[in-house]
Each structure stands twice: as structure tokens, then as C-alpha cells.
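I have placed the structure first, in the form of C-alpha cells, so that the comments after it can refer back to it.
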Amino acid sequence: MVELSTIPQEVLDIAEGIRSMRIRGAGKIARSAAEALRIAAEKYQGEREPSVFRRYMAKVADTLIETRPTAVSLPNAVMYVMQAVFQQTSDFDELKKGVIDAANRFIEDSLNAVKRIAEFGSKRIRENSVILTHCHSTAAVSVITEAYRQGRVVKVYSTETRPFYQGRITTRQLLENGVPVVQIPDSAVRYIMHEVDQVVIGADTITSNGAVVNKIGTSQVALAAHEARVRVFVAAETYKFSPMTVIGELVPIEFRDPTEVVPQEWLEKHKNVRVLNPSFDVTPPEYVDAIITEVGVIPPQAAIMILTERLGWAIDKIKQAGLTKLRFEDLVED
Ligand SMILES: O=C(COP(=O)(O)O)[C@H](O)[C@H](O)COP(=O)(O)O
């Protein structure tokens, strides 16, 4: 049994940063988790014995994936790095180096993926487009910014994204990139949709049937877009596709604290009121026109191809171990 106290504070701070949403957005969460695993390997002080090191890394991995449940980018990033932890070798230095290299590779590939998505996705934005986006997605902002640089975007509507107001981050970033942006409340989406040419959003998780799990309110945006015959593009790296959904698991939806919705004093005054704060929702594939990944633009129905081609190794591992919930400490052999 590995104690939490053996994990470096810097690593625990990253885990806490993800839990408290100081570090947020599926891509950034994934890169931060890979970074935390790298730091954990670099700062490891225990026995130079592969099985002891593996047990310690498994504890770090489990601590990271328990922080937030919905974005699959987190367990996918951790699984990617942990493949190196489970490599067959009795050489401790080789094992440790393998882990550090895998973490660095994940971070670099992830950043390159966002660049490719911007390149591919911007081509799908028509001349003189008015875009609507929801929440804050690095991948979506990259597509919109690249299309703007190419002279095709005239205006962006950015939703506030209550209750956490991630839309304000999007608005600020677009402004910094020089993109004309208008902040709207979430409730104005249907009102404004007749002016919008294309919706561009990100994803936390994409299921094997092409459903898109993203920030709460996304499915309402997609529904309003569908009604107005406005195309919906989802910008998502391939590590946002969920291997667990291939074996029939549902994506867990995170419910956050009611005080993100109403102040504590209000709750105390109205003791009988129950407040719900679901953080994500599911948009069915029928409401998505295309998913823009770093390997190409695909219809949502092709999600299973991405899963088998890019994450086949993870699906095999999950099936072999008969997993219904990922827990790395159960995978370590002595
Ligand atoms: O739903 C969110 C963020 O939710 P939260 O703020 O709760 O983490 C983003 O749209 C996706 O994570 C994609 O973001 P990115 O493209 O940056 O990965």
C-alpha cells in the first residue's frame, strides 16, 4: 500500500488544481496529468526496484484520475504514460526514463494536435462567418482564431457558460487574438441563432457512437442550431474518444457544488430548496455535423474508427483486465 505522503507536493498540487478547476478544459487537464506523472517519476525517492516504482506510479495515476470524472482525456493521458510504467524491464533507470519520455511525448503530441485541428477546422469555416461558441475550449478557440486570421470570421458570439463563466475566458482570449467577439448570456442562444452561420465547440469525451459530452448547455446550443439549420463542428483531439464506451460503459456526468449556482447565504435562507449543478451534457450524433480531429475531419458516426485505430491498445487493455472502472493499483503485479 503506497501512502499519499510519498507523493511529491507538486504532484498533489496539480491533482488539487484539476479538482478545483484551477486547471480546466479537457486538453489542459490531460497535459497537466502527464506532467504530474513526469514530475512523480523524476522526484521518486523510493527503492530502485521496478515493482515498488510501479506501485508508486499507480498510486499517483489513481490519485489523478479520481479528481474529475467526465473528461476522458484525463484517463487516456494517464493510460498513455502508464503503458511505459508497465513495460517489461527489470532495469529501473530504463523504466523511469521510459515514463518521463512518454509523458513528454504526450504533451508535445497534444499541443501539435491542437495546431492541426486549427489548420483542418479553419478550412470548414465559410467566408464572412458569424460563429457561436460555448464554454472555453482551447481547440475551438484555435479553429476560430485561425479562420479569423484567414479573413473568414466577422464576429463570434461567446456564451457566458453559467455557473462557472468559462465563456469569459473564451471572450478574453478571442479579444487578445484580435477576434471581434460579443458576450451573450446562455439564455440568448436561440434568440441569436438566426444570425449565426456555424457553431464551433470543444469536447470532453466522445463516445463510440459519436455522441459528444461537453459543458452543460452544449446540447441546447446544438438543438437550437439544428432547428435553425446551422452546422455544428466539434473540435477534439483523438484522446477525447472514450475506450470505455466501446465495452458499453456510460460516461459519468460530474455534478458540482450547489454554491457554484447560488451563494451559500441563499442556500441557508432557503433550506428546503435542492440545487442541481450538472457540469456536462450529452449531444447526440444527429446534432453534430463533423468532428475535427488532428487526423482528419470525420462524421460523428466514424468515432469507432478513431477509437480502434488510435486507442485500440487501450480498448485491448480494458478488455483483457475486465475493467469496468479504471484503477491502476489493481493492474500492478509483484
Ligand atoms: O467543457 C469544456 C471545459 O469544461 P471545464 O471547464 O469544466 O473543464 C471544454 O469545452 C472541453 O473541455 C474542451 O476543452 P479543450 O478544447 O480546451 O480541451
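Of all residues in region 125-158, those that are assigned to a helix (DSSP H, G or I), without any contact (Cβ under 8 Å) to a residue 60 or more places away in the chain and surrounded by 19 or more Cβ atoms within 10 Å (Cβ to Cβ) total 6. With respect to residue 170, is the statement that it is out of contact with any helix residue (DSSP H, G or I) (no Cβ under 7 Å at 6 or more places or on another chain), part of a helix (DSSP H, G or I) and not hydrophobic (A, V, I, L, M, F, W, C) true? Judged against the criteria, residue 170 is not a match.
Taking the condition surrounded by fewer than 20 Cβ atoms within 10 Å (Cβ to Cβ) and among the polar types (S, T, N, Q), does residue 122 pass? Judged against the criteria, residue 122 is not a match. Looking across region 173-186 at every residue that is in a helix (DSSP H, G or I) and more than 22 Å from residue 293 (Cα to Cα), the one that is nearest to the chain's Cα centre (by Cα) is identified as 186.
So which residues in region 239-269 are within 16 Å of the ligand (Cβ to nearest atom) and buried (at least 21 other Cβ atoms within 10 Å of the Cβ)? Passing the criteria: 239, 240, 241, 242. Of all residues being among the small types (Gly, Ala, Ser) and in a helix (DSSP H, G or I) in region 256-312, which is nearest to the chain's Cα centre (by Cα)? Just the residue, please. The residue in question is 303. In region 123-163, the residue that is farthest from residue 222 (Cα to Cα) out of those that are within 15 Å of the ligand (Cβ to nearest atom) and of a type in the set (Gly, Ala, Ser) is 142.
Find all pairs meeting these conditions: Cβ atoms under 6 angstrom apart; at least six residues apart or on different chains; first residue within region 316-333 and assigned by TED's automatic domain parsing to the domain that holds residue 75; second residue among the acidic types (Asp, Glu) and part of a loop (DSSP other than H, G, I, E, B). No pair meets every condition. Among the conditions (1) closer than 20 Å to residue 174 by Cα; (2) in contact with a helix residue (DSSP H, G or I) (Cβ under 9 Å, 6 or more places away or on another chain); (3) within 10 Å of the ligand (Cβ to nearest atom), the only one that residue 205 does not satisfy is (1).
Restricted to region 228-250, and to residues there that are among the β-branched types (Val, Ile, Thr) and in contact with a helix residue (DSSP H, G or I) (Cβ under 7 Å, 6 or more places away or on another chain), the residue that is nearest to residue 144 (Cα to Cα) is 232.
The values are calculated or read from the model by the stated rules, or taken from the named source; none is laboratory data. Note that the structure is a prediction, hence the values are computed from the model and not measured. Note: ideal-geometry Cβ built from the backbone for every residue, glycine included; neighbour counts use all protein chains shown.
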